[in-house]
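The values are calculated or read from the model by the stated rules, or taken from the named source; none is laboratory data. Given the structure is predicted, the values throughout are model-derived calculations rather than measurements. Every residue, glycine among them, receives a Cβ derived from its backbone with ideal geometry; neighbour counts consider all protein chains shown. Remember, those area values only see protein heavy atoms, side chains included, never the ligands or the DNA or RNA. Shrake-Rupley method; radii C 1.70, N 1.55, O 1.52, S 1.80 Å.
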Amino acid sequence: MLILALDVTDGERAVKIAKETSEHISAIKVNYPLVLSAGIEIVKKLSDLKPVIADFKIADIPYTSSLIAEIAFTHGARGVIVHGLAGSDTVKAVKEVADRYRGDVYLVTELSSKGGEEFMRDCSDRIVEMAVEMNVAGLIAPATRPERVAEIKKAAKRLRVICPGVLTQGGSIEDVLKAGADGIIVGRAIYNSPTPGEEAMRINELITSFLKKYK
Ligand code: BMP
């Protein structure tokens, strides 16, 4: 259930942290900070250790979006993240690529930051409906607003709802699991710890104990 958001900007450090934490995490989410500094090959390196979700928050026209997805999957990614607000044609184009690689597509519903409420909140319920209709693998929902996680999970019971925004951004692991999250994304609290492996283990144990209580 624990997904490591590896937003460091040094490839060697990324691989070191991935190795230290690998026992306690289920996947690694790779975002622009790492890929723009270490190069796309880092996706391949990390995917030899754990499944990688390429968080390129794809939000372009269908053609360009499918090229981005193709690059992620040819480098070993097992999933890609797309902005739901880009619309169904973009999601369809990415899903066609993902299906060829038996990969997963996750849609962002609304960002966990405050700004996620400004514009995205108004369309996130429609994004959830689209995700269900298009049968994507999952949704990214804001751990900072557990009441939204509960609503999103209720509307998309079959989809995996994974949630960033715990700890450093203020969200509570317990509240988000209680709301029905299927996965928790954690970045800074792990990779900025002096002992990332131990921190990942501690968070993973916490998740396991709450799961016994709420699932
Ligand atoms: P952290 O635990 O350090 O706050 O990291 C959260 C990770 O999840 C970052 O990679 C961030 O880009 C991502 N993320 C998020 O925080 N909120 C969202 O709504 C969507 C995200 O992908």
For this session: Determine the sum of side-chain charges near residue 135: Lys and Arg each +1, Asp and Glu each -1, restricted to other residues whose C-beta is under 15 angstrom from that of residue 135.
Result: +1
Problem set entry | Whole-percent carbon and sulfur share, accessible surface of the chain, 1.4 Å | 52 percent
Exercise. If you plug each phi of segment 146-159 into the Karplus form 6.51 cos²θ - 1.76 cosθ + 1.60 with θ = phi - 60°, what whole-Hz ³J(HN,Hα) values come out, in order, with x for Gly and Pro?
Worked result: x, 5, 6, 4, 4, 5, 5, 5, 4, 7, 9, 4, 7, 8
For this session: For residue 2, enumerate residues with amide H under 5 Å from its amide H, sequence gap 5+ or separate chain, H modeled in the peptide plane.
Result: 26, 184
Problem set entry | Accessible surface, segment 2-214, averaged per residue in Å² (probe 1.4 Å) | 46 Å²
Exercise. So what J values fall out for segment 35-40 if you push phi through Karplus, 6.51 cos²θ - 1.76 cosθ + 1.60 with θ = phi - 60°, rounded to Hz, Gly and Pro as x?
Worked result: 5, 6, 9, 9, x, 5
Seminar exercise, completed: Non-local residues with an amide H under 5 Å from the amide H of residue 171, with H modelled 1.01 Å from N and Pro and chain starts lacking one, are 166
For this session: Kindly write out, for segment 2-7 in residue order, the coupling ³J(HN,Hα) from the Karplus curve 6.51 cos²θ - 1.76 cosθ + 1.60 (θ = phi - 60°), rounded to whole Hz, with x marking Gly and Pro.
Result: 8, 10, 8, 8, 9, 8
Exercise. So which trypsin sites (Lys or Arg not before Pro) in segment 99-156 are both in a DSSP loop and have at most 13 other Cβ atoms within 10 Å of their Cβ?
Worked result: 102
Problem set entry | Sequence-distant lysines (8 or more away, or on other chains) whose Cα lies within less than 22 Å of residue 45 | 16, 19, 29, 57
Seminar exercise, completed: Listed by chain and number, the lysines with an alpha carbon less than 20 angstrom from that of residue 215, same-chain partners under 8 positions apart left out, are 153, 154, 157, 178
For this session: Within segment 84-99, find all residues whose amide N lies under 17 Å from a label point positioned 7 Å from the Cα of residue 126 along Cα-to-beta-carbon.
Result: 84-92
Problem set entry | Positive-end extreme of charge dipole, segment 77-186 - chosen from 82, 97, 130 (charges on Cβ) | 97
Exercise. What is the chain by shape, rounded, prolate or oblate, if you read a ≥ b ≥ c off the alpha carbon gyration tensor as root eigenvalues and call it rounded for a/c under 1.5, prolate for a/b larger than b/c, and oblate otherwise?
Worked result: oblate
Exercise. Where does the charge balance sit around residue 148 when Lys and Arg score +1, Asp and Glu -1, over other residues with C-beta under 11 Å from its C-beta?
Worked result: -1
For this session: Treat every Asp and Glu Cβ in the chain as -1 and every Lys and Arg Cβ as +1, leave all other atoms uncharged, and give the resulting dipole magnitude about the Cα centre to the nearest 20 debye.
Result: 540 debye
Exercise. What is the gain in length, in nm to one decimal, between residue 89 and residue 61 on full extension, counting 0.36 nm per residue of separation less the C-alpha to C-alpha distance?
Worked result: 9.3 nm
Problem set entry | Calculated [θ] (222 nm, deg cm²/dmol) that DSSP helices of n ≥ 4 give over the chain, each run adding -39,500 (n - 2.57) | -14500 deg cm²/dmol
Exercise. In the neighborhood of residue 92, defined by Cβ-to-Cβ distances under 12 Å, what is the net charge if each Lys or Arg adds +1 and each Asp or Glu adds -1?
Worked result: -3
For this session: Starting from the amide H of residue 139, placed 1.01 Å from N in the peptide plane, find each other amide H under 5 Å away whose residue is 5 or more places distant or on another chain.
Result: 107, 160, 161, 162
